[in-house]
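Participant: Can you keep this structure in mind? I'll have questions shortly.
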Amino acid sequence: MDVDIPQIGQAVRGSSSGKPIMVLFDLLGRSWALGIIWSLSDGPLTFRALQDKCGDISPSVLNRRIKELRASNILDHEKSGYFLTDTGKELFSLLSPLGHWAIKWGEELQKKENGTQV
């Protein structure tokens, strides 16, 4: 399984510069990357438990994302399963407020679609 892991200094989707922020956005924009990070935020999970927590992710996609996220120092593996590294935990702490914001935003959009004043 050949995995194209985004690298700083190399062109990525949406950017030819390879600047760190663009590499991060490429990595996080891949299917299931954020779901995997969110799923591991409560602690380590085995491959099967991680797959179950992610819902309908295929084993091949999960394997690809794990390889990319491990190579990017966001997650790692030990006896207890896959876990967020310190870098991964820091990333999650920065992403978590966006999750809360997105919930409010979604509620506002639903009210707007339903014709209710926000």
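Readers should treat all values here as calculations from the given coordinates under stated rules, not as data from a laboratory. Since this is a predicted model, take the numbers as computed values, not measurements. No Cβ is skipped: glycine too gets one built from the backbone with ideal geometry, and neighbour counts run over all protein chains shown.
Participant: From the list 18, 115, 106, which one is on the phi > 0 side of the Ramachandran plot, loosely packed, with under 12 Cβ neighbours inside 10 Å and not hydrophobic (A, V, I, L, M, F, W, C)?
Facilitator: 115
Participant: Do we have residue 38 as free of Cβ contacts under 8 Å to residues at least 12 places away in the same chain and either outside any loop (DSSP other than H, G, I, E, B) or basic (Lys, Arg) (or both) here?
Facilitator: Taking the combined requirement at face value, the residue does not satisfy it.
Participant: Additional query: Report, by residue number, each residue of the range 31-52 that is within 17 Å of residue 99 (Cα to Cα) and either surrounded by 13 or more Cβ atoms within 10 Å (Cβ to Cβ) or in contact with a strand residue (DSSP E or B) (Cβ under 8 Å, 6 or more places away or on another chain) (or both).
Facilitator: 32, 33, 34, 35, 36, 37, 38, 39, 40, 41
Participant: State yes or no: is residue 55 closer than 21 Å to residue 99 by Cα and loosely packed, with under 14 Cβ neighbours inside 10 Å?
Facilitator: yes
Participant: Quickly run through the range 76-103 and pick out the residues that are surrounded by 10 or more Cβ atoms within 10 Å (Cβ to Cβ), not in a helix (DSSP H, G or I) and not polar (S, T, N, Q).
Facilitator: 76, 77, 81, 82, 83, 84
Participant: Here's another thing I want to ask about it. Would you mind finding the one in 63, 73 that is surrounded by fewer than 16 Cβ atoms within 10 Å (Cβ to Cβ) and not in a helix (DSSP H, G or I)?
Facilitator: 73
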